[in-house]
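The values are calculated or read from the model by the stated rules, or taken from the named source; none is laboratory data. Computed from a predicted structure; not experimentally measured. Virtual Cβ from ideal backbone geometry, glycine too; neighbours counted across all protein chains shown.
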Amino acid sequence: MEATSNRQGYVTLHDGAALLKLLEDIFTDAFMQAHTRFENFDAFQFSSAVMVNWKAETIVYAPLLLDSFVRESTDFPGWDEMVRAAADQRYHNN
C-alpha cells in the first residue's frame, strides 16, 4: 500500500479496500474488547471521533488526530502501536 503525506499533516493511503480488509482481519472482537472501549472494529470505525472514511478507495487521515483518539480510547499510545499489537496477536499468537 502506497502512502503519501502532505504539509497540512494528512496522510493519503491508496488501495483502501486492501487496507480495510487487513484491519478487519487483525482487529478481532476479542482484541477490541480487551484493548479498547469498543466491542468491535465496526464500532471503532463509526465512532464520531474518528474522521476517516475507511471504505474509500483512497483513505485520507490526520495522524495526530487519529493518534490522539487512540490514546484516549485504547491501551495504546498511537495508531501504529495499535496496528502492530493487533497484527502480532493475530498472526503470532495463533
Handout entry: Candidates Val60, Val52 - the one that is surrounded by 12 or more Cβ atoms within 10 Å (Cβ to Cβ), over 17 Å from Phe27 (Cβ atoms) and in contact with a strand residue (DSSP E or B) (Cβ under 7 Å, 6 or more places away or on another chain)
Key = Val60
Handout entry: Scope the stretch 1-54; condition at pLDDT 85 or above and at positive phi; matching residues
Key = Asp15
Problem - Those residues of the stretch 70-84 which are buried (at least 16 other Cβ atoms within 10 Å of the Cβ) and closer than 23 Å to Asp15 by Cβ, in sequence order - result: Val70, Gly78, Trp79, Met82, Val83
Fill in the blank from the handout: Flagged in the stretch 21-53 as among the aromatic types (Phe, Trp, Tyr) and under 14 Å from Met82 (Cβ atoms), in numbering order, are Phe27, Phe31, Phe38, Phe41, Phe44
Exercise for the section: Give the stretch 45-85 a look and list any residue that's part of a loop (DSSP other than H, G, I, E, B), under 18 Å from Gly16 (Cα atoms) and in contact (Cβ under 8 Å) with a residue 40 or more places away in the chain, or say none. Expected result: Ala56, Glu57, Ala62
